[in-house]
Amino acid sequence: MAAALLAALLATACGSDETPLTDYTEQIEAVFERGLSRYEEVAETPQGKVLLVGQGSHVGLAVDGAVLADFTPEDLHVALEQVADIQDEALASAAAIEPPEELADLHVLYFRELPIRALAARAGTANDWEELSASPEMAAYRLALAADNEVCAELQATLDATTARGGFVDAPWLPGQLEEIVDYALGCGSLPQNPEDAYRPPPTSAP
């Protein structure tokens, strides 16, 4: 997958007309910047801080010593409902963007819908973190985050290997631009590092 996506990026970036790629990059950058800004606003609220505590400081915001036990699944429900709205807005904006033909498949990949709304609904009915953590909705959410991390890691490894082989020797501007596109497109810079531990309460000690 990583090689195929990188090939698509290179085919577009190395074309005779760079304007479509530049315009496209600026458009998706605007969508992700808007989404990240709104997400940070939610994460900085008293209830929204559960997003950082439960997933790690993945957007560079501090958790200020808070732990999951300081929050309830209802707090997560409130926060994720807002995050789901942010995702809906981003998907609507993406639908209005026409990607370069070579990036059509990649466009579909990175403007994908994560199962946030379903997890938000389940969080609103869970009695405690243990119940929510063991739910199918949480499993689906963690799996989606893990898949995102895997794609990002593969793409970065492919970029690094290509650069190490001197693949960009005649176009030294390409690695930085491609990495920027990948980061904005896939949101790699803001993904949780350990998706399998998302909103997982610590094990309780036996009496």
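Read the figures in this text as sums done on the coordinates, not as results from a lab. It should be emphasised that the depicted structure is a prediction, and the values quoted were computed from it without experimental measurement. Using ideal geometry, Cβ is built from the backbone for each residue, glycine included, and neighbour counts are taken over all protein chains shown.
Points to keep in mind about this one:
- Spin-label pair A69/N127, simplified geometry with 7 Å Cα→Cβ offset, distance in nm: 1.9
- Net charge over other residues, Cβ less than 11 angstrom from the Cβ of A146 (K, R count +1; D, E count -1): -3
- In plain terms, the chain from A92 to S37 could stretch by 18.1 nm, reckoned as 0.36 nm per residue minus the Cα-Cα distance.
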